[in-house]
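Encoded as structure tokens, the structure appears first; notes follow it.
The values are calculated or read from the model by the stated rules, or taken from the named source; none is laboratory data. Quick caveat: nothing in here was measured; it's all calculated off a predicted structure. With ideal geometry, Cβ positions are generated from the backbone for all residues, glycine too; neighbour counts draw on all protein chains shown.
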Amino acid sequence: MCIITDCELAFHLPALRTYRHRILYAGNDLALSKRLRETLSDCRIVRAPGGSVARSFIKVINYSLLLFDHALPDMTGTELAEITRALPHREQTQIILIPASENEANIVKTVTRLLQAS
């Protein structure tokens, strides 16, 4: 038999960090992903290694911006953008398609500029 009297449980969760924006990057460029995280510290950067993983993320999580590499392992960035635009809740979400030759610094600068405007 167990009797509990005047018991108080002191349980405190650490404060969860809040982010101004959530960005999905579909691609395998780890350096770009790292640079985005470092530069955009007020943003949550989520990386998907391929189109099928990105599709599952896009269906259920809200993003301010979507970055798609042109060449993903299982589809092109253009195909992923078309699939994304077909979803009713993604018709207005900003999408940037990244060509293979694009400079990492230019991508970060473009993303920063877009997020400041929104």
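Numbers below:
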{"read-out": "The range 62-83, subset closer than 13 Å to Ile96 by Cα and in a loop (DSSP other than H, G, I, E, B), residue nearest to the chain's Cα centre (by Cα)", "value": "Tyr63"}
{"read-out": "Matching option when the condition is touching a residue at least 60 places away in the same chain (Cβ under 8 Å) and over 15 Å from the mean Cα position of the chain (by Cα), among Glu104, Glu91", "value": "Glu104"}
{"read-out": "Search result, residues across the range 34-51 that are part of a helix (DSSP H, G or I), surrounded by 18 or more Cβ atoms within 10 Å (Cβ to Cβ) and either in contact with a Gly (Cβ under 9 Å, 6 or more places away or on another chain) or among the charged types (D, E, K, R) (or both)", "value": "Gly51"}
{"read-out": "Options Thr78, Thr93; residue that is of a type in the set (S, T, N, Q) and over 16 Å from Gly27 (Cα atoms)", "value": "Thr93"}
{"read-out": "Every residue from the range 69-118 that is closer than 13 Å to Arg55 by Cα, hydrophobic (A, V, I, L, M, F, W, C) and loosely packed, with under 13 Cβ neighbours inside 10 Å", "value": "Ala86, Leu87"}
{"read-out": "Condition check for Leu115: farther than 25 Å from Asp42 by Cβ, assigned to a helix (DSSP H, G or I) and within 15 Å of the chain's Cα centre (by Cα)", "value": "no"}
{"read-out": "Single match in Ala31, Ala54 (criterion: modelled with pLDDT under 95 and not in a strand (DSSP E or B))", "value": "Ala31"}
{"read-out": "Meets criteria (assigned to a helix (DSSP H, G or I), buried (at least 16 other Cβ atoms within 10 Å of the Cβ) and within 11 Å of the chain's Cα centre (by Cα)) for Ile23", "value": "no"}
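Conditions tested, residue by residue: (1) over 20 Å from Arg20 (Cα atoms); (2) at pLDDT below 95.
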residue	(1), (2)
Leu40	no, yes
Tyr63	no, yes
Leu67	no, no
Ile95	no, no
Glu104	yes, yes
Ile107	no, yes
Gln116	no, yes
